[in-house]
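The next block holds one structure in the form of structure tokens; read it before the comments.
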Amino acid sequence: MIAAVPFTVVLAGGHASLLQRTSIGGFYEVQARSLMHLRWNVPTNSIAFEAIVHDGKQFMYYGPWPSILRMPLLAVTDRFDGRLTQISMLLAFAVAMTALVSLVLHVRDLVLGDAPVTRAERATVAAFVVLVGAGSSLVFLASRAFVYHEAELWGASLALAAFAAILRFVGAPSPGRAVSAGGLTTLAFLTRASVGAGPVVALGLLLVASATARSRAWVGVPGSVSRRALVVPLGLALAVPVLLYAYVNWAKFGSFYSLPLDQQIFTQMNAARRAALAANGGSLFGLEFLPTTVVQYFRPDAIRPWQLFPWVTFPPAATVIGDVRFDTVDLASSLPASMPALMVLAGVGLVRVVRPRTPGDVASPARVRALVLGATAGSLVTLTIGYVAQRYLSDFLPATILLATVGVFVLVRWSTRRAGASRGPLVVVWGGLAALLVFSAWVNFGLAELYQRQLGGAGITNADLRGFSAFQYDLVRTLPGGRPPYVVRGAHLPRPLARGSVFIVGDCATTYLSDGHAWRALETGTAGGGYRLRVRFPATRGALRQPLVVRGAEPSGQFVGVRLLGGGRVQFGYSSPETGARWIDGPAIPAASGREHDVSITLDTELGLVVVVLDDVYALEVLAAVPPARPVTLGRTDIGGPVTPTFTGDITRLPPQTSLCRSLLAAGA
């Protein structure tokens, strides 16, 4: 429960609900409804650019388990469509923690035998469970409730559960335990093939090792367990996930194991993806990526201090080693830098797992060997992907946790044997691990917050972006001598500065934040083309758009208008000479007539961007050359144009929002 606190705080994202409608968060519901109609293909355009088009139909390449999980609820209501991702992720976290406790109980017996449980051991195990739940990349996965992180979280959680089930089966084979091991392995493999391949490989190794008594002893199978008790159950537990995965992939893409990324809609839209596929023989997997990914994911310095909350940040982008073309090199830390406590424990556990059993041992963790080898094999797949991202660290969690669990009990045994000796080494070891635990928890929480509120791309709303930046600088001002760092001021926006830099244009005309590659507006004043309105839409509907903001003079201008669709829906659009005088419309979105709504309209000259936000929901985003400010009218047009003369609802202009900029200037920025 303690470990669940930071996870849930990050997952909620500053809101009071875990039923939020999130960006790219409803894919599994779409797949579930298709499965309820006994088909694998999904409706056209229902999963946007992630769809793979095969034989004229669109398919989702993510595994079916999270969709199957939703089906009982979706069978009785559509009220929660697109809003179940956070609940699903919280459930996956609970599965991971339950699997961890099962591993702890079984690994303890393998390392300590029947030694009595002490109070110190109880405290140590409790701290270890907190470390895994709050000081690992599980917390980072909570930073974004969308399909990518949900798949990663379920994959790692189910892999841990499968390893725990396999461990139970090997210790005392039975039909029920074989079904549990095979079933959980199947779910893991059908959710995320890379990390799910870990228990599949482990089952295969155990099946091979069952051939002789010597090989069974090497993987820790008790001497009382016969070959006959292992072969058939292990064979079935291995065959089911392999065959089911092949069937699902064949039913979707006409091949047993390959993924036709060249047929993905995103590939057709994105030149960088096409170039990466062309440079790597049509695949994003290859051994040529190993030097880059191994260095990035295992380097000890992949974290940077930061003068703003949370006082740590991601390192610079990974350096590509060799003449290879990656699809994406995203923000990423590393296992030693972000999870040092787990890595130290895993190192201790590795030494114990590979060491042969000696006559003085009361127990042996050799039973974990096949599991560790399988988990390592699964993580090796991730190292061959031409894509670097922080979320992929979760693929390494099963192997790390298996070894770290052994390491915890090795240290417990060492501490027990030192009873009565000098306490100095005990204080150094356990004090150091406690410090690393706190550091691991803070780093993972901090990176999750940064990614969720500031650096995670288009899914972050302007309100969240501005609110987090304001909180960071408010915190600076409360510290003695606090002067806002990373703030630059000028007449025009330069090329993007270092990640986290803030740039103020003029006298708070616009305030921008750089993610190292692009600028995003934090605040836009009137001089920067920002208009904050309180709008009451009329109940009527019509084909013509009505004016909200009109800039310009005869004979042409820029128009931000709204079309009243009826049924409590509106559609915003933009037209100007720069768009060929045609309308570029956003999606139809809910807006109750007769009720006041906050509408933020930005015509950003510096970025060439037109944005409309309705009650914190993006309603329109258009890349277009925006001329400098011209005469402006609200709710009417004095120059004619492709809109009705006036807006038939009510418009109230609100003061520009420049409080963050003013506070930065007042603090000496």
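The values are calculated or read from the model by the stated rules, or taken from the named source; none is laboratory data. Just so it is clear, the model here is predicted, and its values are computed rather than measured. Here Cβ is always computed from backbone atoms with ideal geometry, including for glycine, and neighbour counts include all displayed protein chains. Areas reflect the complete protein model, heavy atoms only, side chains present, ligands, DNA and RNA absent. Shrake-Rupley method; radii C 1.70, N 1.55, O 1.52, S 1.80 Å.
Summary of computed values
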read-out	value
Filter result for Val535 (within 29 Å of Cys661 (Cα to Cα), among the aliphatic types (A, V, I, L, M), assigned to a strand (DSSP E or B) and more than 37 Å from the chain's Cα centre (by Cα))	no
Residues located in segment 550-585, provided they are in a loop (DSSP other than H, G, I, E, B), in contact (Cβ under 8 Å) with a residue 12 or more places away in the chain, farther than 17 Å from Thr540 by Cβ and open to solvent by 10 Å² or more (accessible area, probe 1.4 Å)	Glu554, Pro555, Ala581, Trp583
Thr646 vs. criteria more than 33 Å from the chain's Cα centre (by Cα), open to solvent by less than 30 Å² (accessible area, probe 1.4 Å) and of a type in the set (Val, Ile, Thr)	no
Subset of segment 424-454 that is of a type in the set (A, V, I, L, M) and open to solvent by less than 20 Å² (accessible area, probe 1.4 Å) - its residue that is farthest from Pro305 (Cα to Cα)	Ala448
One residue from Gly586, Gly608 being touching a strand residue (DSSP E or B) at 6+ places or on another chain (Cβ under 8 Å) and under 21 Å from His517 (Cβ atoms)	Gly608
Hits in segment 32-47 - residues which are open to solvent by 60 Å² or more (accessible area, probe 1.4 Å) and either among the small types (Gly, Ala, Ser) or in a loop (DSSP other than H, G, I, E, B) (or both)	His37, Leu38, Arg39, Pro43, Thr44, Asn45
Segment 514-530, subset over 15 Å from Arg489 (Cβ atoms) and open to solvent by 10 Å² or more (accessible area, probe 1.4 Å), residue nearest to the chain's Cα centre (by Cα)	Asp515
Residue list for segment 649-669, restricted to those being β-branched (Val, Ile, Thr) and surrounded by 14 or more Cβ atoms within 10 Å (Cβ to Cβ)	Ile651, Thr658
Wholly enclosed helices (runs of 4 or more DSSP H) of segment 219-312 bearing at least 3 residues open to solvent by less than 30 Å² (accessible area, probe 1.4 Å) and on the phi < 0 side of the Ramachandran plot	228-253, 271-279, 290-298
Test result for Ser226, out of contact with any strand residue (DSSP E or B) (no Cβ under 9 Å at 6 or more places or on another chain), modelled with pLDDT under 95 and over 20 Å from Leu203 (Cα atoms)	no
Cβ pairs under 8 Å, 6+ apart, first in segment 235-256 and among the basic types (Lys, Arg), second surrounded by fewer than 19 Cβ atoms within 10 Å (Cβ to Cβ) and outside any loop (DSSP other than H, G, I, E, B)	Lys252/His54
Any hit, segment 65-77, residues being part of a helix (DSSP H, G or I), basic (Lys, Arg) and more than 30 Å from His37 (Cα to Cα)	no
Subset of segment 634-653 (residues that are touching a Lys or Arg at 6+ places or on another chain (Cβ under 8 Å) and closer than 17 Å to Leu603 by Cα)	Leu634, Arg653
Qualifying positions in segment 474-513 - out of contact with any Phe, Trp or Tyr (no Cβ under 6 Å at 6 or more places or on another chain), part of a loop (DSSP other than H, G, I, E, B) and open to solvent by less than 10 Å² (accessible area, probe 1.4 Å)	Cys508
Filter result for Gly500 (of a type outside the set (D, E, K, R), closer than 14 Å to Glu523 by Cβ and in contact with a helix residue (DSSP H, G or I) (Cβ under 8 Å, 6 or more places away or on another chain))	no
Per-region count, segment 48-58, residues surrounded by 15 or more Cβ atoms within 10 Å (Cβ to Cβ) and out of contact with any Leu (no Cβ under 8 Å at 6 or more places or on another chain)	6
Some residue of segment 121-141 being outside any helix (DSSP H, G or I), surrounded by fewer than 18 Cβ atoms within 10 Å (Cβ to Cβ) and touching a residue at least 24 places away in the same chain (Cβ under 8 Å)	no
Strands (runs of 3 or more DSSP E) wholly inside segment 590-669 containing at least 1 residues that are among the polar types (S, T, N, Q), closer than 17 Å to Leu548 by Cα and touching a residue at least 40 places away in the same chain (Cβ under 8 Å)	596-604, 632-634, 650-654
Residue match in segment 193-210 (condition: over 35 Å from the mean Cα position of the chain (by Cα), of a type in the set (Ser, Thr, Tyr) and either part of a helix (DSSP H, G or I) or surrounded by fewer than 20 Cβ atoms within 10 Å (Cβ to Cβ) (or both))	no
Scan of segment 1-31 for residues that are within 30 Å of Arg274 (Cα to Cα), open to solvent by less than 40 Å² (accessible area, probe 1.4 Å) and either in contact (Cβ under 8 Å) with a residue 60 or more places away in the chain or not in a loop (DSSP other than H, G, I, E, B) (or both), ordered by number	Thr22, Gly25, Phe27, Tyr28, Glu29, Val30, Gln31
Scope segment 309-329; condition more than 18 Å from the chain's Cα centre (by Cα) and of a type in the set (D, E, K, R); matching residues	Asp323, Arg325
Tally of residues being in contact with a Lys or Arg (Cβ under 9 Å, 6 or more places away or on another chain), among the aliphatic types (A, V, I, L, M) and farther than 23 Å from Ser34 by Cβ across segment 207-262	8
Residue count, segment 313-328 (criterion: polar (S, T, N, Q) and open to solvent by 40 Å² or more (accessible area, probe 1.4 Å))	2
Complete set of residues in segment 70-93 that are out of contact with any Asp or Glu (no Cβ under 8 Å at 6 or more places or on another chain), touching a residue at least 24 places away in the same chain (Cβ under 8 Å) and either of a type in the set (Val, Ile, Thr) or under 26 Å from Ala165 (Cβ atoms) (or both)	Met71, Ile87, Leu90, Phe93
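Table: residues versus (1) hydroxyl-bearing (Ser, Thr, Tyr); (2) more than 25 Å from Pro340 (Cβ to Cβ); (3) modelled with pLDDT of 95 or more.
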position: Ser364; (1), (2), (3): yes, yes, no
position: Arg367; (1), (2), (3): no, yes, no
position: Leu371; (1), (2), (3): no, no, yes
position: Thr384; (1), (2), (3): yes, yes, yes
position: Ser394; (1), (2), (3): yes, no, yes
position: Phe409; (1), (2), (3): no, no, yes
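Here's the yes/no breakdown for (1) over 31 Å from the mean Cα position of the chain (by Cα); (2) surrounded by fewer than 14 Cβ atoms within 10 Å (Cβ to Cβ); (3) closer than 19 Å to Arg520 by Cα:
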site	(1), (2), (3)
Ile589	no, no, no
Arg595	yes, yes, no
Ile601	no, no, yes
Leu623	no, yes, yes
Pro627	yes, no, yes
Thr637	yes, no, no
Gly641	yes, no, no
